[in-house]
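Visitor: Got a structure here, written out as structure tokens. Questions coming.
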There are 2 protein chains.
Amino acid sequence: MTDAAAMDAYLSEPRDLYRGRAMCVVRPKGAREVASVLAFCSERSIPVVPQGGNTGLVGGQTPDSSGRQIVLSLQRLDRVREVDPSSDAMTLEAGVTLLRAQEIAQSVDRYFPLSLASEGSCTIGGNLATNAGGVHVLAYGAARDLALGVEVALADGRLLSTLGKLRKDNTGYNLTQLFVGSEGTLGIITAATLKLFPRPRSRAVALLGLRDPAQALALLNFVKDHAGPGLQAFELMPRIGLELVLRHIPGARDPLGAVHPWYALVEIAGFAEGEAERVASATLSQAIDGGFARDAAMAHSLDQAESLWRLRENLSEAQKREGGSIKHDISVPIERIPAFIAEAGARIAARFPNARPVPFGHMGDGNLHYNVSQPIGGDKTAFLARWDEMNEIVHGLVHDYGGSISAEHGVGQLKRDLLPRVKDQTALDVMRALKTTLDPKGVLNPGKLL
Amino acid sequence: MTDAAAMDAYLSEPRDLYRGRAMCVVRPKGAREVASVLAFCSERSIPVVPQGGNTGLVGGQTPDSSGRQIVLSLQRLDRVREVDPSSDAMTLEAGVTLLRAQEIAQSVDRYFPLSLASEGSCTIGGNLATNAGGVHVLAYGAARDLALGVEVALADGRLLSTLGKLRKDNTGYNLTQLFVGSEGTLGIITAATLKLFPRPRSRAVALLGLRDPAQALALLNFVKDHAGPGLQAFELMPRIGLELVLRHIPGARDPLGAVHPWYALVEIAGFAEGEAERVASATLSQAIDGGFARDAAMAHSLDQAESLWRLRENLSEAQKREGGSIKHDISVPIERIPAFIAEAGARIAARFPNARPVPFGHMGDGNLHYNVSQPIGGDKTAFLARWDEMNEIVHGLVHDYGGSISAEHGVGQLKRDLLPRVKDQTALDVMRALKTTLDPKGVLNPGKLL
């Protein structure tokens with residue numbers, strides 16, 4: 001495609017933080033075509049920006065403004081190569097959407113646990129290139145942990161494969177994990193063999209009212225201990241987050257009678273009939289008796305479970321409707337979350353009076369979306385203009401706490417320049433050396449990550 | 001050490017397949033000393049062979065016969081840097097033994113699941129360098145999956161660190177997984193941050209009598225489905241294996257009344273009190289009713305559970321006492337195990353009449369130790385002289401089945417020359433390019449893996 005109107009959707013991204021230009025958009029149909037595009041571009045030193053479902057949040061998938069890059073869309077690589085429930089593995093091409101991947105697993109009575117807000121449009125290739133996280137990392141790991149092998153088009157047009165259904169293979173370096181999470185800068189993932197899991201027979205979801213993040217931490221440890229690997233998700237949310245959802249999302253309602261300063265959404269799965277409900281009721285009532293929570297509302301139907309999840313999943317959307325919001329995707333060692341929330345809140349209050357921190361997210365993984373909403377009635381543009389200043393406060397503290405400034409969204413363009421300040425210098429040098437080795441001409445997604 | 005007698009223990013390995021010479025053995029005390037040794041050796045192009053507990057089975061840890069290499073023992077790097085149960089993480093130096101790592105976890109009421117026969121002497125550094133497997137991979141993954149980060153001394157003497165307790169960190173390439181499993185050829189692991197898990201509150205172990213490997217596969221799928229993530233181990237064993245153990249291991253006894261052609265050892269964990277026994281009894285009696293097994297003996301005490309495990313764990317030792325045995329550490333897609341066992345047996349019978357295949361191991365991971373015992377009363381030396389011929393039959397078939405010729409033991413010297421025949425050519429080229437990038441002078445464990 002070279003037509004401006006047709007290309008438009010490929011040149012910007014959901015938040016419209018990044019908008020670029022491109023020589024053209026190419027939409028190859030299979031892995032060999034992807035490899036051919038790269039061979040062609042390598043010879044002519046034309047930079048290539050790979051793009052999946054275009055849902056990334058750090059500008060990794062958009063071209064720069066030079067108009068000299070091309071966008072390579074993986075969406076037409078949408079073939080299901082193999083589904084093998086007895087080996088608990090499926091091999092899908094990069095352009096298959098995450099939702100379809102989940103459905104394919106379900107159709108053979110298996111479970112593919114990766115789950116995120118954009119699952120209807122994000123693709124397996126993008127999920128792997130960015131090592132996507134989501135709500136079930138606690139139990140199943142991130143995208144990285146679900147990949148048994150990948151097929152990758154290299155910068156020079158060679159096709160490399162580690163595809164295969166084996167659970168164990170110690171014949172050499174783990175190239176799969178080198179390409180996963182490399183954001184298209186070392187090679188373009190064209191297909192992947194993914195792990196399947198037994199489908200939980202039962203699932204219990206509950207919303208718990210909490211005093212503070214310290215109580216959330218104690219609750220997390222208590223539930224981990226009692227539900228073991230059945231614990232599927234543990235999400236934290238402050239009262240202000242719930243209020244924003246209740247205000248802006250039609251049909252949302254507070255399932256608990258009283259108001260609580262903090263909430264945890266807990267999901268427990270079971271493999272025997274009724275096991276999840278049994279374990280969840282027992283664990284949660286013990287938790288309340290033991291002072292690990294103030295109150296709990298457990299879903300008694302799939303509908304109710306979905307309603308609880310919607311409270312959490314609509315938080316970003318509700319914040320958007322409320323006005324300007326400055327976002328951070330950070331992680332710290334789990335036990336330091338309460339101290340981090342307190343200290344970040346105090347530092348922000350000192351420099352941004354009336355700004356409203358809404359720290360929520362995957363507490364079970366130590367990962368918070370530490371998003372700050374603008375002051376009520378304040379000026380949105382003026383608030384967003386101080387994005388970097390806010391970042392500095394939050395990221396500085398993350399660094400002090402031994403955390404990461406990108407827990408699950410990746411680096412892309414958004415955080416590229418921050419990397420040298422937070423990474424081990426030798427690690428960064430080795431990353432650059434690997435990039436030079438695998439992409440000597442710098443045609444693979446230049447200006448992203450490194 | 002330069003004294004021949006003192007060096008002796010470092011120059012050969014447990015099976016005595018490899019014996020080398022060395023200029024000296026160095027025993028640095030900390031990571032900086034390891035790095036200094038590498039800087040020194042890099043400048044002078046002196047090859048360095050890293051060694052942990054010296055329990056590896058593929059000759060990865062022994063020097064060659066030139067006498068120009070040095071052995072770098074990691075055993076004095078035995079400091080526990082941090083144990084943090086609330087973040088479920090511990091940071092240990094490379095020389096800490098696996099058994100000690102397990103005990104450290106237990107001392108803070110946590111579980112470190114890596115478990116293998118040599119755990120009393122093998123070390124964390126070696127476990128990670130070789131991506132060790134063992135009996136709990138099914139539930140917790142291999143050594144690779146247990147590493148949150150590593151500290152690595154690079155060839156030129158720089159020290160790189162990805163240590164940290166974070167569960168999620170998407171700031172760049174995953175260098176941790178590049179060094180894990182690289183067998184000391186890309187860098188020397190000096191410390192690692194490892195995941196801890198909740199301790200199972202209950203544990204059930206059972207030995208099941210089976211008709212054939214096809215029934216074992218059906219049983220595996222049935223148990224996976226019913227025990228979910230509680231399934232900790234699923235080990236396969238043929239009757240001949242049990243007989244060898246009964247014959248050679250004092251105190252071993254058959255817990256089942258009747259003779260069965262095959263056996264599965266199943267371990268199920270639970271996190272509620274008594275849960276494991278409850279799930280295991282229900283699942284196994286349903287399995288027998290459903291025709292997934294012929295009989296089952298469940299352990300009713302820790303002692304009984306250990307006795308059942310000893311039947312499986314002493315199999316290698318029993319085979320050794322029985323005479324010569326040609327070994328293979330292979331994996332195939334799990335659902336192909338029955339066909340593989342049948343076809344391998346037939347091919348071996350055609351070329352090695354009276355040789356006795358004893359295929360056993362981690363069926364839940366698709367990983368078999370396909371070991372073949374010599375004919376009864378035959379000549380041991382003559383049998384072992386045909387090692388390569390036997391390998392060719394078994395490895396050829398593994399290749400046809402889409403399997404791996406090294407599932408968990410690694411490549412080392414033993415399988416180095418086989419690699420070009422089984423690996424994707426481009427993958428092998430990329431491995432070589434990475435080696436050149438990280439070790440341009442070839443001082444890191446040369447002649448191993450590549």
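Visitor: Before we move on, is A:Ala218 surrounded by fewer than 22 Cβ atoms within 10 Å (Cβ to Cβ), of a type outside the set (Val, Ile, Thr) and at pLDDT 95 or above?
Guide: So A:Ala218 passes the test.
Visitor: Let me ask something additional. Across the range A:429-450, what is the number of residues that are of a type in the set (Val, Ile, Thr) and either more than 7 Å from chain B (Cβ to nearest Cβ) or in a loop (DSSP other than H, G, I, E, B) (or both)?
Guide: The number of residues fulfilling the criteria is 2.
Visitor: So A:Pro359 passes all but one of these: (1) at pLDDT 95 or above; (2) in a helix (DSSP H, G or I). Which condition number does it fail?
Guide: (2)
Visitor: Being within 24 Å of B:Leu231 (Cβ to Cβ), buried (at least 23 other Cβ atoms within 10 Å of the Cβ), under 11 Å from the mean Cα position of the chain (by Cα) and within 11 Å of chain A (Cβ to nearest Cβ): is that true of B:Asn127 here?
Guide: no
Visitor: Across the range B:230-239, what is the number of residues that are within 21 Å of the chain's Cα centre (by Cα) and either among the polar types (S, T, N, Q) or part of a helix (DSSP H, G or I) (or both)?
Guide: 1
Visitor: Can you name the number of the only condition in (1) under 19 Å from B:Asp225 (Cβ atoms); (2) away from every other protein chain (no Cβ under 14 Å); (3) out of contact with any Asp or Glu (no Cβ under 6 Å at 6 or more places or on another chain) that B:Glu275 fails?
Guide: B:Glu275 satisfies all of (1) under 19 Å from B:Asp225 (Cβ atoms); (2) away from every other protein chain (no Cβ under 14 Å); (3) out of contact with any Asp or Glu (no Cβ under 6 Å at 6 or more places or on another chain) except (2).
Visitor: Quick one: which strands (runs of 3 or more DSSP E) sit completely within the range B:159-217 and have at least 1 residues that are touching a residue at least 40 places away in the same chain (Cβ under 8 Å), under 28 Å from B:Gly291 (Cβ atoms) and more than 9 Å from every other protein chain (Cβ to nearest Cβ)?
Guide: Here the list reads B:202-210.
Visitor: Kindly indicate which of A:Val152, A:Val135, A:Val96, A:Val108 is touching an Asp or Glu at 6+ places or on another chain (Cβ under 6 Å) and either within 17 Å of A:Lys165 (Cβ to Cβ) or not charged (D, E, K, R) (or both).
Guide: Result of the check over A:Val152, A:Val135, A:Val96, A:Val108: A:Val96.
Visitor: Continuing with this model, one more query. Just for the range A:312-345: of the residues that are within 18 Å of the chain's Cα centre (by Cα) and among the aliphatic types (A, V, I, L, M), which one is nearest to the other protein chains (Cβ to nearest Cβ)?
Guide: If we take residues in the range A:312-345 being within 18 Å of the chain's Cα centre (by Cα) and among the aliphatic types (A, V, I, L, M), then A:Ile334 is nearest to the other protein chains (Cβ to nearest Cβ).
Visitor: So, one more: Could you count how many residues in the range A:130-140 are outside any loop (DSSP other than H, G, I, E, B) and either among the hydroxyl-bearing types (Ser, Thr, Tyr) or surrounded by fewer than 19 Cβ atoms within 10 Å (Cβ to Cβ) (or both)?
Guide: Qualifying residue count, the range A:130-140: 1.
Visitor: Here's a follow-up. Among the residues of the range A:75-94, count how many are touching a strand residue (DSSP E or B) at 6+ places or on another chain (Cβ under 8 Å) and more than 10 Å from chain B (Cβ to nearest Cβ).
Guide: Of the residues in that region, 13 qualify.
Visitor: Given (1) buried (at least 20 other Cβ atoms within 10 Å of the Cβ); (2) out of contact with any Leu (no Cβ under 8 Å at 6 or more places or on another chain), identify the lone condition not met by B:Lys320.
Guide: (1)
For (1) of a type in the set (Val, Ile, Thr); (2) closer than 29 Å to A:Pro200 by Cα; (3) more than 26 Å from the chain's Cα centre (by Cα); (4) not assigned by TED's automatic domain parsing to the domain that holds B:Phe112, each residue gets a yes or a no:
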position	(1), (2), (3), (4)
B:Leu220	no, yes, no, yes
B:Gly241	no, no, no, yes
B:His248	no, no, no, yes
B:Gly257	no, no, yes, yes
B:Glu275	no, yes, yes, yes
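Visitor: Ok, one more. Mind counting the residues in the range B:407-428 that are more than 8 Å from chain A (Cβ to nearest Cβ) and either within 25 Å of B:Asp156 (Cα to Cα) or touching a residue at least 12 places away in the same chain (Cβ under 8 Å) (or both)?
Guide: 6
Visitor: Here's something else I'd like to know. Say whether the condition of being out of contact with any Ser or Thr (no Cβ under 8 Å at 6 or more places or on another chain), of a type in the set (Phe, Trp, Tyr) and assigned by TED's automatic domain parsing to the domain that holds B:Arg239 is met by at least one residue in the range B:341-353.
Guide: no
Visitor: Which one of B:Asp379, B:Asp388, B:Asp429, B:Asp400 is charged (D, E, K, R) and more than 20 Å from B:Ala349 (Cβ to Cβ)?
Guide: Criteria check complete, one pass: B:Asp429.
Visitor: For A:Tyr401, work out the one condition from (1) facing chain B (nearest Cβ under 7 Å); (2) surrounded by fewer than 21 Cβ atoms within 10 Å (Cβ to Cβ); (3) in contact (Cβ under 8 Å) with a residue 24 or more places away in the chain it doesn't fulfil.
Guide: Answer for A:Tyr401: the failing condition is (1).
Visitor: Restricting attention to the range B:49-64, does a residue exist that is at pLDDT 95 or above and either surrounded by fewer than 17 Cβ atoms within 10 Å (Cβ to Cβ) or in a helix (DSSP H, G or I) (or both)?
Guide: No; the residues of the range B:49-64 include none that is at pLDDT 95 or above and either surrounded by fewer than 17 Cβ atoms within 10 Å (Cβ to Cβ) or in a helix (DSSP H, G or I) (or both).
Visitor: Which ones in the range A:89-118 are part of a strand (DSSP E or B), over 23 Å from A:Gly56 (Cβ atoms) and not small (Gly, Ala, Ser)?
Guide: Result: A:Met90, A:Thr91, A:Arg110, A:Tyr111.
Visitor: Let me ask something additional. Step by step: first the residues of the range B:130-145, then only those that are in contact (Cβ under 8 Å) with a residue 40 or more places away in the chain and more than 22 Å from B:Ala227 (Cα to Cα), then the one that is farthest from the other protein chains (Cβ to nearest Cβ). Which residue is that?
Guide: Here the answer is B:Ala132.
Visitor: Say whether the condition of being part of a helix (DSSP H, G or I), surrounded by fewer than 20 Cβ atoms within 10 Å (Cβ to Cβ), away from chain B (no Cβ under 14 Å) and β-branched (Val, Ile, Thr) is met by at least one residue in the range A:370-377.
Guide: no
The values are calculated or read from the model by the stated rules, or taken from the named source; none is laboratory data. Since the model is a prediction, treat every value here as computed from it, not as a measurement. So basically every Cβ, Gly included, is an ideal-geometry build from the backbone, and we count neighbours across all protein chains shown.
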